[in-house]
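A.B. asks: First, the structure itself, so that you have it in front of you.
The values are calculated or read from the model by the stated rules, or taken from the named source; none is laboratory data. It should be emphasised that the depicted structure is a prediction, and the values quoted were computed from it without experimental measurement. No Cβ is skipped: glycine too gets one built from the backbone with ideal geometry, and neighbour counts run over all protein chains shown.
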Amino acid sequence: MNAKTTLKCKSGEIITGHINPEIVFRRALVLANSRDDVTIESILSLPLGPIPVSLFHEDGTMRKCCKSDLVKQFENEVSPVLSLPDFDPSLTTYIRDGMAIVQCMDAKKHKTFGDLALAYCNYLASCFTKAHTVADVFDRYDVKHSIKSGERERRTKKSLLMQKVFQVIEGRNVPDWKKFLSVKENKQALIKFFGDFLVKFIKSNPLLVLPGHTYYMAGSFEDPEIAKVISDQEVVECPELFSTQEEADTRMILQALHADKRLKEMGKKGRIIIKSSDTDVIVLCIHFFKQMTNTSEFWIQMGNIGTIKDNRRFLPIHQLCSSLHEIICRVLPAVHALSGCDTTSSLFGIGKKSVYKVLKDAVLDFSDLYNLGDSDTETAISCSRRFVARLYDQKKKYASCHQDINKLRVKLATSKDSSLVRLPPSEAALRQHILRASFQTKIWHASCLAKPPLPSPLEYGWKSFKDSLHPVYFEGNMSADFLHDLVCSCKGKSQSKKSEKGGAYGSGAVCGSGVFSFYSYRDPNSSKTLQVFDEAVKWVVEDKFVPEDVDEAKLSVFQQTDKPITPDEMRQAMRDGIIPSFKTGCYKCDKKYLTGDRPAAVSFIGPENSTVKTDDTWKVIKG
């Protein structure tokens, strides 16, 4: 095990830690079974390496699951319809995610940004046939410290080499669309251009917004907090909808609640349609529908027209909420955040289908998750820990450990041969994950507030690095820190001597097919290395090694036999043969097989060597 391993994350952050946690885990299990000074409890009570692998990839980026699997569970509860039933359009509000519409536009069909904006206007005009009130809400990309920065980078990583910022004006040709949209400054400029263009176009084309029609725009102006309402008479600001919210997801909920309020003021029952396929939006719609007292129908329009089939469909949120337990509707944002969303990690091997099943089967056990984001930190961590534990132990075999995630790690690690990545995160790593989930839940719960008083994300599992936010993996020590002196991957006498003499990039020993061999590669002093190999055999015969060297040799072998799958009977037999080895056995083996007149051969492959060149006993074969 190397003393230190330097890892460079996708963010550019340098993390110093030890060897691959999976290797540490495998070796540590052996140590725990053979030494009194190491226990499996002490090993698994801390993260094994610098990055918690059940929550993050090796490059430090968050693990992600398929969020849409949760939507499939909702569609199993209530079947979507292909077309909406008839309803009075004057009592219907149609809310759209503006940026999602822009991203789906076929930019190749439009030469300039002006042409693109005109196509957006034409699409807008068609919306008034089913709803006399239409609202377009846009994301904000001007937030300096955004917890969504990592997710946005992940989505656009293939285009990150092109970071050109364009001036978005009406007559300018549209550049490569995907590369253009991969730069947040371009998206913010495009949104502002659309906002200004639509206001000017509607004023000069009164037939777009007819009498009795109303059009709301939010997040598309110089000041992204501003919202405007446009009618056939005027364009005015709408202070009720001025918002500091960053995402269109939450701002659309604010818009829907505002529409329900207008219906209440009219003394009418109405219909609201939100066009979005985002799982987060659907989760929020389910959560907030209970507050929409004057909305008799609440629909989510999902899908688009693909090249092969038309995937458009409408999910009836009002029917879905009637079929779901009330507690599910209340705790859904917290559960979604804990199990993986845009700003939180998913848990390796645990998808949304499993999460939904656990919640549905034991909904009464997790009613207190509703307070995640609103309760104090320790209460939030306690209820979240129990839920995460249930995800890993769905049959409640180790229910007594559900309030101690480290004990559950030990139970799962010792009861079956699980790889480290399939174990729950340690308490230290889980705590930071829960803090991030709590912060995201705070944001979602505040969707009903135009200007929610949110705390700093730096208090909730995030840290600032290079002018952007990155997740805190954990606080405190790693198991690898105290295991370093016990679990070392140096190659003993031969390796240390080779290093001292400025030798090869790598060396070692292998045994197979009745042949024992030393080897080195990229070796500038191959003839000297040969002497080191000879001395290594003498070192064993002269009885200069200690029992710890034998333990180290065992661990080196176990690293190979235990990876990557459970040892079968043959491998187990090999392990059983290694474990009883002791110093005298090593001595006898070396004496019998590696000394005396045993057949041996030496070969060098590479450029000419000065030592060999002047020694006639070597046979040189040139290729």
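A.B. asks: Exactly one of these conditions fails for Phe197: (1) crowded, with 17+ Cβ neighbours inside 10 Å; (2) closer than 21 Å to Thr343 by Cα. Give me its number.
C.D. replies: Phe197 satisfies every listed condition except (2).
A.B. asks: Specify the residue that is surrounded by the most Cβ atoms within 10 Å (Cβ to Cβ); the eligible residues are those in the range 267-285 that are touching a residue at least 60 places away in the same chain (Cβ under 8 Å) and more than 31 Å from the chain's Cα centre (by Cα).
C.D. replies: Within the range 267-285, the first condition is being touching a residue at least 60 places away in the same chain (Cβ under 8 Å), and the residues that meet it are 268-284.
So of that shortlist, the ones also more than 31 Å from the chain's Cα centre (by Cα) come out as 268-272.
On the way: Lys268: 13, Lys269: 15, Gly270: 24, Arg271: 23, Ile272: 31.
That would be Ile272.
A.B. asks: Can you tell me which residues in the range 279-317 are of a type outside the set (Val, Ile, Thr), within 20 Å of Ile328 (Cβ to Cβ) and either assigned by the TED database to the domain that holds Ile253 or touching a helix residue (DSSP H, G or I) at 6+ places or on another chain (Cβ under 6 Å) (or both)?
C.D. replies: Within the range 279-317, Asp280, Leu284, Cys285, His287, Phe288, Phe289, Met292, Phe298 meet the criteria.
A.B. asks: Only residues that are farther than 18 Å from Ala135 by Cα and not in a helix (DSSP H, G or I): list them for the range 261-293, please.
C.D. replies: Gly267, Lys268, Lys269, Thr293
A.B. asks: Here is a follow-up. Would you please name the residue that is farthest from Asp280 (Cα to Cα), looking only at residues in the range 387-412 that are crowded, with 21+ Cβ neighbours inside 10 Å and out of contact with any helix residue (DSSP H, G or I) (no Cβ under 6 Å at 6 or more places or on another chain)?
C.D. replies: Tyr392
Residue by residue, here is whether (1) under 27 Å from Phe128 (Cα atoms); (2) in a helix (DSSP H, G or I) holds:
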| residue | (1), (2) |
| --- | --- |
| Pro175 | no, no |
| Ile191 | yes, yes |
| Val199 | yes, yes |
| Ile202 | yes, yes |
| Pro211 | yes, no |
| Tyr215 | yes, no |
| Glu222 | yes, no |
| Lys228 | yes, no |
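A.B. asks: Within the range 103-113, can one find any residue that is crowded, with 17+ Cβ neighbours inside 10 Å and at pLDDT below 90? Steps first, answer last, please.
C.D. replies: Narrowing the range 103-113 to residues crowded, with 17+ Cβ neighbours inside 10 Å: 107, 110, 113.
If we keep only those that are at pLDDT below 90 as well, we get 107.
Yes, the range 103-113 contains at least one residue that is crowded, with 17+ Cβ neighbours inside 10 Å and at pLDDT below 90.
A.B. asks: Could you say whether any residue in the range 402-422 is of a type outside the set (Val, Ile, Thr) and in contact with a Lys or Arg (Cβ under 7 Å, 6 or more places away or on another chain)? Give the steps one after another, and end with the answer.
C.D. replies: Quick first cut of the range 402-422, residues of a type outside the set (Val, Ile, Thr) only: 402-404, 406-409, 411-413, 415-420, 422.
If we keep only those that are in contact with a Lys or Arg (Cβ under 7 Å, 6 or more places away or on another chain) as well, we get 402-403.
Among the residues of the range 402-422, at least one is of a type outside the set (Val, Ile, Thr) and in contact with a Lys or Arg (Cβ under 7 Å, 6 or more places away or on another chain), which makes the answer yes.
A.B. asks: Evaluate the following for Thr377: is it under 19 Å from Leu454 (Cα atoms) and modelled with pLDDT of 95 or more?
C.D. replies: Values: under 19 Å from Leu454 (Cα atoms): yes; modelled with pLDDT of 95 or more: no.
No.
A.B. asks: Among the residues in the range 234-241, are any closer than 15 Å to Cys448 by Cα and in contact with a helix residue (DSSP H, G or I) (Cβ under 8 Å, 6 or more places away or on another chain)?
C.D. replies: First, the residues of the range 234-241 that are closer than 15 Å to Cys448 by Cα: 239-241.
Right, trim to in contact with a helix residue (DSSP H, G or I) (Cβ under 8 Å, 6 or more places away or on another chain) and you get 240-241.
Within the range 234-241 (the criterion being closer than 15 Å to Cys448 by Cα and in contact with a helix residue (DSSP H, G or I) (Cβ under 8 Å, 6 or more places away or on another chain)), the answer is yes, since at least one residue qualifies.
A.B. asks: Among the candidates Ser400, Ser418, which residue alone is assigned by the TED database to the domain that holds Gly340, free of Cβ contacts under 8 Å to residues at least 60 places away in the same chain and not in a helix (DSSP H, G or I)?
C.D. replies: Exactly one of Ser400, Ser418 is assigned by the TED database to the domain that holds Gly340, free of Cβ contacts under 8 Å to residues at least 60 places away in the same chain and not in a helix (DSSP H, G or I), namely Ser418.
A.B. asks: Name the single residue that is surrounded by the most Cβ atoms within 10 Å (Cβ to Cβ) among those in the range 295-315 being modelled with pLDDT of 95 or more and either assigned to a helix (DSSP H, G or I) or over 30 Å from the mean Cα position of the chain (by Cα) (or both).
C.D. replies: Going through the qualifying residues, I end up with Phe298.
A.B. asks: Another question, then. With assigned to a loop (DSSP other than H, G, I, E, B), assigned by the TED database to the domain that holds Asn477 and either touching a Pro at 6+ places or on another chain (Cβ under 6 Å) or among the charged types (D, E, K, R) (or both) as the only criterion, which of Asp37, Asp142 stands out?
C.D. replies: One residue alone meets the criteria, Asp37.
A.B. asks: Kindly provide the set of residues from the range 314-338 that are touching a Leu at 6+ places or on another chain (Cβ under 8 Å) and over 23 Å from Val355 (Cβ atoms), ordered by number.
C.D. replies: Phe314
A.B. asks: Have a look at Ser231, Ser243 and point out the one that is of a type in the set (S, T, N, Q), surrounded by fewer than 18 Cβ atoms within 10 Å (Cβ to Cβ) and in contact with a Gly (Cβ under 9 Å, 6 or more places away or on another chain). Walk me through it before giving the result.
C.D. replies: Values: Ser243 fails: surrounded by fewer than 18 Cβ atoms within 10 Å (Cβ to Cβ).
After ruling out the rest, the residue left standing is Ser231.
A.B. asks: Yes or no: the range 341-353 includes at least one residue that is touching an Asp or Glu at 6+ places or on another chain (Cβ under 6 Å) and modelled with pLDDT under 95.
C.D. replies: Yes.
A.B. asks: From the residues in the range 46-86 that are crowded, with 17+ Cβ neighbours inside 10 Å, of a type in the set (A, V, I, L, M, F, W, C) and in a loop (DSSP other than H, G, I, E, B), which one is farthest from the chain's Cα centre (by Cα)?
C.D. replies: Ranking the candidates gives Val78 first.
A.B. asks: Would you confirm whether or not the range 354-372 contains a residue that is under 20 Å from the mean Cα position of the chain (by Cα), assigned to a helix (DSSP H, G or I) and surrounded by 21 or more Cβ atoms within 10 Å (Cβ to Cβ)? Spell out how you get there, then give the answer.
C.D. replies: Start the filter on the range 354-372 by keeping residues that are under 20 Å from the mean Cα position of the chain (by Cα), which leaves 354-356.
In the following step, the residues that additionally are assigned to a helix (DSSP H, G or I) were identified as 354-356.
The next check asks that each one be surrounded by 21 or more Cβ atoms within 10 Å (Cβ to Cβ); those that pass are 355-356.
The answer is yes; a qualifying residue exists.
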